[in-house]
Amino acid sequence: MYPEIMVIPMREELSRAGIQEARTAEEVDAALAKPGTTMLVVNSICGCAAGKMRPGVRLALQHPTLPDQSVTVFAGQDREATDRARSYFEGQPPTSPAIAILRDGKLVYLMQRYIIESSTAPQIAGELVRAFDELCAKATA
């Protein structure tokens, strides 16, 4: 674990973008118990989170179609919350960073680290926007 003072700016980068932080397993469960779509971001101290994932998420959140809520956990810091978040990823290997979309608590989309590492922030944003449009758009009558 890193000293908390080191990760505060990395936490705040997503919090300032409107993403709720979950630091306990109970907070993760409460967030994912809400109906609708949830983007769950597994944050990390690594370079690909700093240079690609967090900027890509922030760009994607400027799109008009968004998940009903967005939540983040911090891998390597809030282990209980991160372990609980990953338990919703239904048999997928644990990686960080990662970006998931869940509908009514069920995984419908997962961007793993290997995709984040090989993409730019704009590419990540573009892929998230595509996923938002496909998975988070509100039904119209």
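The values are calculated or read from the model by the stated rules, or taken from the named source; none is laboratory data. Keep in mind the model is a prediction, meaning the values are calculated, not measured. Quick reminder, even Gly has a Cβ in these numbers, built from the backbone with ideal geometry, and neighbours come from all protein chains shown. We work out accessible area using only protein heavy atoms, side chains counted, and drop any ligands, DNA or RNA first. Shrake-Rupley method; radii C 1.70, N 1.55, O 1.52, S 1.80 Å.
Charges only on Cβ, +1 for Lys and Arg, -1 for Asp and Glu: so what's the dipole of the chain about the Cα centre, in debye to the nearest 20? Display every interim value, and only then the final one.
Values: 15 positive and 17 negative charges, 54 e Å.
With Lys and Arg at +1 and Asp and Glu at -1, about 260 debye.
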Packing-based order for 63-76, 13-26, using average beta carbon neighbours within 10 Å, highest first: 63-76, 13-26
Largest-first principal axis extents, alpha carbons of the range 81-141, Å: 39, 28, 17
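When only DSSP loop residues count, what GluC sites (Glu not before Pro) in the range 74-141 have their Cβ near at most 14 other Cβ atoms within 10 Å? Let's see the in-between values first.
Details: sites: Glu80, Glu90, Glu117, Glu127, Glu134; in loops: Glu90.
Listed in order of number, the matching sites are Glu90.
Given a 1.4 angstrom probe, I'd like the percentage of the accessible area of the range 1-108 that is carbon and sulfur, rounded to a whole number.
The value for the range 1-108 is 54 percent carbon and sulfur by accessible area.
Within the set of other residues whose C-beta is less than 15 Å from the C-beta of Arg103, count the net charge using Lys and Arg as +1 and Asp and Glu as -1. Could the numbers behind the result be given before it?
On the way: positive: Lys34, Lys106, Lys138; negative: Asp68, Glu90, Asp104, Asp133, Glu134.
Its environment carries a net charge of -2.
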Accessible area expressed per residue, the range 20-141, with surrounding protein chains retained (probe 1.4 Å, Å²): 45
Equivalent ellipsoid, the chain (semi-axes from 5 times Cα gyration tensor eigenvalues, Å): 21, 18, 14
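For the range 1-59, compute Rh as the Kirkwood radius over C-alpha pairs and then the Stokes-Einstein diffusion coefficient at 4 °C and 1.567 mPa s; write the answer in µm²/s, rounded to an integer.
Taking Rh from Cα pairs, D becomes 103 µm²/s.
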Phi-based couplings in Hz for the range 99-114 (Karplus 6.51, -1.76, 1.60; Gly and Pro marked x): 9, 10, 10, 10, 10, 6, x, 10, 5, 10, 7, 8, 9, 7, 3, 4
Förster-model FRET efficiency, 22 Å R0, Thr120 and Arg16, C-beta, rounded to 0.05: 0.55
